[in-house]
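What follows draws every value from the coordinates through simple rules; no lab data is involved. This one's a predicted model, so the numbers in the text were calculated from it and none came from an experiment. Please note: Cβ atoms are built from the backbone with ideal geometry, for glycine as well, and neighbour counts cover all protein chains shown.
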Amino acid sequence: MKDFLKFTLATVTGLVLAGGIFFVLSFILLIGIVAASSSKEVVQVKPNSILTIKLNKPIEERSIEDPFAMLMGEEYSNMGLNEILSSIKQAKENINIRGIYLEAGYYMDIPVAFLEEVRRALLDFKESGKFVVAYGDNYTQKEYYLCSVADKVMLNPQGSIEWTGLSESPIFFKRLLDKAGVEVQIFKVGTYKSAVEPFISTQMSEASREQTSVYLNSIWNRMNEDVAVSRDLTVKQLNEYADQMIAMEAAQTFIDAKLADTLSYKDGVKIYLKQLTDTALDKPLQTLGITEMTNVVQTKMPITKGNNTIAVYYATGDITDNTMAAIPGETGGIDGNTVVKDLSRLREDANVKAVVLRVNSPGGSAFASEQIWNEVVKLKAEKPVIVSMGSMAASGGYYISCAADSIFAEATTLTGSIGIFGMVPNFEGLLTDKIGLDIDVVKTNPHSDMNFPIRPMSEREKNIIQKNVERGYALFVKRCADGRGMSEDAIRQVAEGRVWTGATAKELGLVDQLGGINEALKAASEKAGLEHYTVADYPEETDPFTALLQKGKDEYINARLRKNTGEFYHYLHVIQRLKQASPIQAHMGFYPNI
């Protein structure tokens with residue numbers, strides 16, 4: 001017994017000491033990470049430099065410093081659209097920057113609307129007379145859409161250009177849920193509100209198929225029109241290339257088809273860039289990346305005078321009633337309570353003269369959307385509010401946008417989806433039939449256990465929830481009608497949960513102008529009567545050390561899973577979404593895998 005106690009005590013002591021040493025080492029490592037991330041080296045641009053943009057990472061609204069990635073010695077997991085646009089603008093104004101080099105990196109998880117905004121920034125950059133050169137070993141379709149804007153498109157002699165058209169392939173979970181013994185009880189308003197279909201069907205409804213076909217063709221037409229202008233081709237020619245599967249042809253075919261200008265290996269690209277920048281062949285190219293460009297010493301005074309500030313508030317991700325409802329590992333997230341407080345502070349800040357609300361959201365909680373809408377209305381009464389829509393601002397994302405003074409969207413933005421639905425899971429089959437649990441109940445009233453998802457709902461309970469959903473839909477329609485200056489009947493004609501592209505939404509009156517965040521800022525400054533102003537981003541980004549303390553191991557696992565599974569990540573949290581989602585949703589559904 002004494003030996004047992006002795007060995008046990010020694011083991012516990014060793015574990016405590018090892019844990020303490022690990023904690024100290026981890027703390028020292030974290031301090032080093034924070035110090036490295038906070039000490040940003042100021043960069044000076046050397047003459048004849050090139051801004052290099054590599055398309056090898058996903059693009060988010062803002063770059064995110066992943067503390068877990070930093071801890072593991074990995075690079076940043078994404079690129080920020082805000083930093084890309086800012087860098088292109090700085091490169092245009094900096095006399096030492098001669099041009100921009102785009103390098104395709106075979107990464108597909110980039111929304112077309114983001115690429116449309118970057119593409120427009122590159123076109124503006126070219127007006128300075130500086131060059132844009134693109135190269136790819138292979139171009140994905142989205143990468144080519146962006147890179148086609150270049151003065152010269154270069155392709156590897158063994159490379160290819162994907163140009164096949166667009167498709168969307170939603171995944172349905174009904175048979176999986178049936179096997180798991182999970183029933184999803186559905187309540188909805190809107191013929192086109194297809195968000196519930198993956199849980200109750202094995203294929204798309206005719207209404208869903210119709211709306212998907214319409215917005216896919218709208219996006220594809222926009223891509224064809226833009227590429228046709230840049231490459232001096234016709235939309236008909238580009239569709240013929242897609243129909244004949246030109247992506248599988250030999251590299252010379254892309255030259256003959258005028259999709260590319262020249263074939264070259266990467267070393268040949270370097271020689272060409274040296275020629276453009278008057279750099280001797282035996283000298284290194286002077287290049288800067290996006291991160292370096294954001295730290296460049298400014299050669300011009302910023303557009304600042306006094307305390308005139310335009311706030312850009314980023315509302316990104318699913319809309320939830322509280323932070324606990326967010327799915328671990330998801331990028332961003334719009335907590336209704338937090339956004340209301342933030343917008344209230346901006347309303348009370350006398351230095352903030354206008355607000356650009358940048359919305360990139362498929363929606364979420366109908367209740368939280370209403371709370372944010374109310375705060376936007378109060379903010380609008382005090383100062384101009386301009387909405388800039390990102391890749392999607394649909395359902396709840398449109399709900400929180402509709403009261404703004406003006407709405408900007410990209411032609412390929414997914415928006416609308418004005419509709420409401422409810423999903424109440426019933427896990428009785430899973431718990432009793434599959435796992436073998438027996439559950440009994442004692443209750444004081446007929447519906448006391450209604451919120452405990454272990455039994456099917458009664459017809460009376462279903463009718464109560466359906467009426468609640470219909471009431472929420474009527475309110476949603478009224479908010480849109482009031483915000484857009486339209487009748488409720490006119491809104492109902494374009495509602496029914498139907499998803500539209502920004503281009504179509506503008507024709508229908510749901511959007512005011514096509515454009516990105518820069519155009520929204522210009523509109524905000526004009527409405528506020530500001531000639532000189534400072535732009536400030538909100539909410540403030542969390543430093544890596546605080547982010548690491550706030551995130552647990554589940555967050556790390558989910559973040560790595562998201563990185564490795566890409567666009568399929570969203571389908572891996574079906575049950576978790578069912579458990580954590582608000583019962584009444586203004587949500588477009590799962591992220592489209594276009």
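A few comments on the model shown:
- Rg(Cα) / (2.2 N^0.38 Å) computed for region 119-216, rounded to two decimals: 1.70
- Placed amide H near residue 400: partners under 5 Å, 5+ positions off or other chain: none
- For region 204-220, the Karplus equation 6.51 cos²θ - 1.76 cosθ + 1.60, evaluated at θ = phi - 60°, returns couplings of 6, 6, 4, 5, 5, 4, 5, 5, 5, 4, 5, 6, 5, 5, 5, 5, 5 Hz by residue, with Gly and Pro reported as x.
- Set 57/89; 89/266; 130/383; 188/380; 258/506 screened for pairs whose C-alpha atoms are more than 29 Å apart: 130/383; 188/380; 258/506
- Fewest-first ranking of 588, 248, using other Cβ atoms within 10 Å as the exposure measure: 248, 588
- Among 538, 135, the ranking by other beta carbons within 10 Å of each residue's beta carbon, starting with the fewest, stands as 538, 135.
- Residue-by-residue Karplus 3J(HN,Hα) for region 185-192, coefficients 6.51, -1.76, 1.60, Hz, glycine and proline x: 8, 10, 9, 7, 10, x, 4, 9
- The phi-based Karplus calculation (6.51 cos²θ - 1.76 cosθ + 1.60; θ = phi - 60°) puts the 3J(HN,Hα) values of region 351-363 at 6, 7, 9, 7, 10, 9, 8, 8, 10, 9, 8, x, x Hz, whole numbers, x for Gly and Pro.
- Put in line by how crowded their Cβ is, counting other Cβ atoms within 10 Å and starting with the fewest, 480, 147, 402 read 402, 480, 147.
- Amide hydrogen neighbours beyond the local backbone of residue 420, cut-off 5 Å, H modeled: 189
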